[in-house]
1. Out of everything in the stretch 9-64 that is polar (S, T, N, Q) and in contact with a Leu (Cβ under 9 Å, 6 or more places away or on another chain), what residue ends up being farthest from the ligand (Cβ to nearest atom)?
2. Given the options ILE154, ILE76, ILE144, name the one that is hydrophobic (A, V, I, L, M, F, W, C), part of a strand (DSSP E or B) and either more than 16 Å from the ligand (Cβ to nearest atom) or free of Cβ contacts under 8 Å to residues at least 60 places away in the same chain (or both).
3. Go through the residues of the stretch 37-45 one by one and say whether even a single one is more than 16 Å from the chain's Cα centre (by Cα) and either within 13 Å of LEU14 (Cα to Cα) or buried (at least 19 other Cβ atoms within 10 Å of the Cβ) (or both).
4. For the stretch 307-322, give me each residue that is touching a Phe, Trp or Tyr at 6+ places or on another chain (Cβ under 8 Å), closer than 17 Å to GLY10 by Cβ and part of a strand (DSSP E or B).
5. Condition check: touching a residue at least 40 places away in the same chain (Cβ under 8 Å), assigned to a helix (DSSP H, G or I), buried (at least 17 other Cβ atoms within 10 Å of the Cβ) and of a type outside the set (D, E, K, R). Does VAL50 satisfy that?
6. Among the residues of the stretch 316-338, count how many are modelled with pLDDT of 95 or more, within 24 Å of SER284 (Cβ to Cβ) and away from the ligand (no atom under 16 Å from the Cβ).
7. Exactly one condition in (1) touching a helix residue (DSSP H, G or I) at 6+ places or on another chain (Cβ under 9 Å); (2) charged (D, E, K, R); (3) at pLDDT below 95 is not met by ASP302; state its number.
8. Does the stretch 326-364 hold any residues that are surrounded by 15 or more Cβ atoms within 10 Å (Cβ to Cβ) and in a loop (DSSP other than H, G, I, E, B), and which are they?
Amino acid sequence: MVKIIIIGGGAGGLELATDLGDKLGKSNQAEVTLIDKNTYHIWKPLLHEVATGILNEQADKIDYAEQGQQHHFQFIQGTFTNLNREEKHVIIENSNSESISVPYDTLVVAIGSTSNDFGTPGVKEHCIFLDDQNAAIRLRETLITKFASFCSIIDEHETTIEDKIRIAIVGGGATGVELASELPHMVETFGNCGRNKMCSDLLDVSIIEATDRILPALPEKTALNITNTLQKRGIHVLTKTMITKAESDGFYPKEGDIISADIMIWTAGVKAPDYLKDIAGLESSRSNQLVVKPTLQTTRDDNIFVIGDCAYAMQNSGRASPATAQAAHQMAKICYENIINMLNNKPMKSFNYVDNGTIISLHDTAQGVVKIAGKCEMNVKGFFALTIHRLLYRMHQASLLGILKTIQFAKASKAMYKKKLASLFHHQN
Ligand SMILES: Cc1cc2nc3c(=O)[nH]c(=O)nc-3n(C[C@H](O)[C@H](O)[C@H](O)COP(=O)(O)OP(=O)(O)OC[C@H]3O[C@@H](n4cnc5c(N)ncnc54)[C@H](O)[C@@H]3O)c2cc1C
């Protein structure tokens, strides 16, 4: 039987494994296997919500093994480390640090991206990245520990002390902005859990951006509106501020004084993991992504497809498709069709990225643009925009679980949300 291996069960890979399992695994036309370093899936665009306790990863996670049982694919937990194209097998490291080789006929690489520190000194050592669910949980623990220790200081003083919890986030893209927007609410919730001196006034959050504005994917006017909203909430937006080094006490800009910080977060850009560069002689981009043809097959090996953030797919516009969940989803759909076409000796389809817009969630509101058929642009904001933002997540879930289960998930997640936040915070009280 044909062996199809998908490495990475993220926004693109899990949708693909589910679709291929349902189509080919169920009818024994192929053996479909998903490999991921984790045991469960959390949709990456919501990692800032995991980090701030808004999203309950226990209620919203999708267990790979369970998903595989229901959708006819196998799951292997392991970290992809290398590739042997001659013998057609991938090398993974399992949880006991043993190297295992897994054979394939068709391989799909969907391992996403990691933060790019652009070689800035001190960033690796002193900053927190928001690369996966484990990192998001670590950030949440760091924040809660900081809030708790700050509370102890306040408790020893009669009045509120002048010091604040300083959080500096480098990178004014969606990740940095959405994360910053959730922080005041997180502190308020902490205050409501028995720490009533804690409030968002004690938080000093800065978004630091090297270019002249945040959110380059959005029209200038929308980005400006979002900047105003952030500033009204007390979040500093420092543009034209290029960070040249990070030390334990804060970020050092090219010009001006140190930006002191208690918690330093880096969301300034992404790249494919370093080990992907030129792996097994495949062509790669400057950001380590594997270069693919319009069919999403690598330029040097037709048996290897690449989708999502780790794919470098040049578009007719002369630009590569962006590293977004939207692109990963669209690639998964084309890759699915092309694998089936390849097995049936039919012509393959070309991937053409369609930009359906971008919406930025700002905790209790959202703003952005929605594009119809990639063209006609509509500005959206407020509750309507927030609803679309939530709907995008539920659509991703529905493509994996079906509509009924998605509704059950949404209800369970809502019911557990308050309990979860309270339990997280009470734990520290
Ligand atoms: C906070 C935040 C907000 C975002 N907001 C948006 C948004 O609003 N809209 C949007 O379109 N995009 C957004 N993005 C970007 C989006 O999340 C990514 O572009 C998208 O998830 C990429 O999908 P993917 O399938 O390529 O990779 P991922 O979803 O990252 O999945 C990669 C998978 O590979 C696994 N993996 C990684 N390395 C290995 C390995 N060595 N071995 C085995 N498994 C491995 C991981 O565990 C993971 O399951 C956001 C990202 C972040 C962090």
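The values are calculated or read from the model by the stated rules, or taken from the named source; none is laboratory data. Every value quoted in this text rests on a predicted model; they were computed, and no experiment measured them. Neighbour counts are summed over all protein chains in view; Cβ atoms, including those assigned to glycine, are modelled from backbone coordinates with ideal geometry.
1. The qualifying residue farthest from the ligand (Cβ to nearest atom) is GLN29.
2. Working: ILE154 fails: part of a strand (DSSP E or B); ILE144 fails: part of a strand (DSSP E or B).
Only one candidate qualifies: ILE76.
3. Here is the first cut: in the stretch 37-45, the ones more than 16 Å from the chain's Cα centre (by Cα) are 39.
Keeping just the survivors that are either within 13 Å of LEU14 (Cα to Cα) or buried (at least 19 other Cβ atoms within 10 Å of the Cβ) (or both) gives 39.
Yes, there is a match, as at least one residue in the stretch 37-45 is more than 16 Å from the chain's Cα centre (by Cα) and either within 13 Å of LEU14 (Cα to Cα) or buried (at least 19 other Cβ atoms within 10 Å of the Cβ) (or both).
4. Here is the first cut: in the stretch 307-322, the ones touching a Phe, Trp or Tyr at 6+ places or on another chain (Cβ under 8 Å) are 313, 315, 320-322.
Still in the list and also closer than 17 Å to GLY10 by Cβ: 313, 321-322.
Passing the criteria: only ALA313.
5. Numbers: touching a residue at least 40 places away in the same chain (Cβ under 8 Å): yes; assigned to a helix (DSSP H, G or I): yes; buried (at least 17 other Cβ atoms within 10 Å of the Cβ): yes; of a type outside the set (D, E, K, R): yes.
Yes.
6. Residues meeting the conditions: 1.
7. Result: ASP302 passes all but (3).
8. Hits for the stretch 326-364 are MET348, LYS349, PHE351, TYR353, ASP355, ASN356, LEU362, HIS363.
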